Amino acid sequence: MSTTPSPAPAELAPHYPVVVVGGGQAGLSTSHYLKQQGIAHVVLEKRRVGHSWRSERWDSFCLVTPNWQCRLPDFPYAGPEPQGFMLRDQIVAYLEAFAARVQPPLIEGVAVTRVSRHVSGAFEVDTSIGRCLADHVVVATGGYDIPIVPPCAHGLPDSITQVHSVAYRNPAQLPPGEVLVVGSGQSGVQIMEDLHLAGRKVHLAVGSAPRSPRVYRGREATEWLHEMGFYELTVDRHPLGDEARHKTNHYMTGRDGGHEIDLRRFALEGVKLYGTLADIRGGVVGFKADLTRNLDEADEVYCSIRRDIDAYIARAGIEAPEEAPFHKAWVPQGDPEQLDLQAAGITSIVWAIGFRADYRWIDLPAFDGRGHPRFTRGVSPVPGLYFLGLPWLNTWGSGRFLGVADDARHLVDVIRQRLGDAREGVNTEAAQAVAA
Ligand SMILES: Cc1cc2nc3c(=O)[nH]c(=O)nc-3n(C[C@H](O)[C@H](O)[C@H](O)COP(=O)(O)OP(=O)(O)OC[C@H]3O[C@@H](n4cnc5c(N)ncnc54)[C@H](O)[C@@H]3O)c2cc1C
């Protein structure tokens, strides 16, 4: 189903109070609140609304977060399975329904190619269809721009098919033979499971990602965490501070109703585990000798979440079923350090080691030495420039369906205050024009 862009301008106006870059859940949420406040704006989307969910996820993809956590502004999940996990096409449909409700002033197929300061003091916004000026720019481009493939991948023989997780669709896409999945974050373990369930022989390079229980003491772990106030924790109170933004997500899955992922159990079923990828030389992949440690550390995080839930249950005097203590279902006999691809019959590699954001098109001093955007709750040090939809922008839910509404509302409040009641963007005329 294609989203019908709301009364979209055929071309850019010379000037907007607000330009929103990106038509995903973050950009649409911003548009929702801007419309509510009667602030004139445009949403520019390089491809189509919901592109990343529609085109950058594999066929069996489903949410890891339960449906009840889908809380787009004034549009929470209202389907029959709040405890379920929407499949890819259902997520796209949810987003398209939200877009249909918001009716954003959206132009699809338009890429913003540069944002810089114009002599007038406004922002100069260059796009694939021309230039406009803006008083405020909200960057809602998602942050998963560049799929990471390690430089040593160039050393692989041509006979090995390489696919990044963003381009992985299903097991049949890969040539016959065994598969090496590199990376054990959420994507890596889910793709490993997808291949394993299809009967493919899988090898997995296990990194340092932590893992989470799914159901514990009779309830979904996210429900306990919700009740314990974890989702209200803000990054300024997080023990890791801003570094929380760069931590790998806990792995588990929503597949088939949701379950935890214990890689030791997959090892018992025949999946071959290795440590972190170290190098590739002449068809031989080298790994760090850290498999044992990585499995242990993932389990330690898993157990610490269980302990936190136990403590909460005890404190609150809740009656909840007891659970058997965690035990290691399998322990590696040493840390394998090499894998000869040809000897193992491996014909393809799936890279699942993440993405980098690409902000090179923003020509403004809003970034730290590592190229990460600087902001407080999305408000950058460059007056009028904002970021939205990034992990731990403010809370755990900021980069997810759960928290984007709060962050978007906050940014629009800031924009409204800055525009001031007397400005053209905040008057009844503008509100009517946008809503028309
Ligand atoms: C594999 C994976 C699994 C995830 N699972 C979950 C989950 O279970 N639950 C959950 O809540 N979250 C999950 N997320 C996180 C998050 O919800 C998604 O990343 C979501 O897509 C973020 O929405 P967004 O609007 O911030 O960014 P996006 O959906 O990426 O939207 C950004 C949009 O900006 C457009 N764009 C980019 N650059 C430009 C430009 N220069 N000009 C114009 N347009 C541009 C893109 O085309 C895109 O449509 C997952 C993320 C990934 C990668």
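The values are calculated or read from the model by the stated rules, or taken from the named source; none is laboratory data. The structure displayed is predicted, hence computed values, not measured ones. Positions of Cβ are backbone-derived with ideal geometry, glycine not excepted, and every protein chain shown enters the neighbour counts.
General observations
- The single condition among (1) in the same structural domain as His226 (by TED's automatic domain parsing); (2) surrounded by 16 or more Cβ atoms within 10 Å (Cβ to Cβ); (3) among the acidic types (Asp, Glu) that Asp406 does not meet is (1).
- Residues in segment 115-128 that are among the β-branched types (Val, Ile, Thr) and either within 11 Å of the ligand (Cβ to nearest atom) or on the phi > 0 side of the Ramachandran plot (or both): Val115, Val125, Thr127.
- Members of segment 36-56 found to be within 10 Å of the ligand (Cβ to nearest atom) and assigned to a strand (DSSP E or B), listed by number: Val43, Leu44, Glu45
- Of all residues making up segment 173-194, the number that are within 16 Å of the ligand (Cβ to nearest atom) and among the hydrophobic types (A, V, I, L, M, F, W, C): 5
- For segment 282-400, the strands (runs of 3 or more DSSP E) that sit wholly inside it and include 3 or more residues that are of a type outside the set (S, T, N, Q) are 284-287, 346-351, 385-387.
- Pairs meeting the criteria (first residue in segment 135-164 and assigned by TED's automatic domain parsing to the domain that holds Arg416 and among the hydroxyl-bearing types (Ser, Thr, Tyr), second residue within 14 Å of the ligand (Cβ to nearest atom) and in a loop (DSSP other than H, G, I, E, B), beta carbons under 7 Å, at least 6 apart or on different chains) are Thr141/Gly22.
- Only one entry of Ala40, Ala8, Ala100 meets the criterion of being outside the structural domain of Gln190 (by TED's automatic domain parsing) and at pLDDT below 95, and that entry is Ala8.
Residue-wise test of (1) small (Gly, Ala, Ser); (2) crowded, with 16+ Cβ neighbours inside 10 Å.
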{"position": "Ala205", "(1), (2)": "yes, yes"}
{"position": "Thr222", "(1), (2)": "no, yes"}
{"position": "Glu227", "(1), (2)": "no, no"}
{"position": "Leu233", "(1), (2)": "no, yes"}
{"position": "Lys247", "(1), (2)": "no, no"}
{"position": "Thr253", "(1), (2)": "no, yes"}
{"position": "Gly275", "(1), (2)": "yes, yes"}
{"position": "Ala298", "(1), (2)": "yes, yes"}
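- The strands (runs of 3 or more DSSP E) located wholly in segment 128-236 that include 2 or more residues which are over 30 Å from Pro332 (Cβ atoms) occupy 130-139.
- Checking Gln186 against (1) surrounded by 20 or more Cβ atoms within 10 Å (Cβ to Cβ); (2) closer than 21 Å to Ala289 by Cα; (3) not hydroxyl-bearing (Ser, Thr, Tyr), the condition it does not meet: (2)
- Residue match in segment 55-78 (condition: more than 20 Å from the chain's Cα centre (by Cα) and either assigned by TED's automatic domain parsing to the domain that holds Ser128 or touching a residue at least 60 places away in the same chain (Cβ under 8 Å) (or both)): yes
- Of all residues in segment 57-69, those satisfying the criterion of being of a type outside the set (Ser, Thr, Tyr), within 7 Å of the ligand (Cβ to nearest atom) and within 16 Å of Glu220 (Cα to Cα) are Leu63, Val64, Gln69.
- Residue that is farther than 17 Å from Phe287 by Cβ, touching a Phe, Trp or Tyr at 6+ places or on another chain (Cβ under 9 Å) and of a type in the set (A, V, I, L, M), where the choices are Val119, Val181, Val125: Val125
- Scanning segment 129-147 for residues that are in contact with a Lys or Arg (Cβ under 8 Å, 6 or more places away or on another chain) and surrounded by fewer than 16 Cβ atoms within 10 Å (Cβ to Cβ) turns up Asp145, Ile146.
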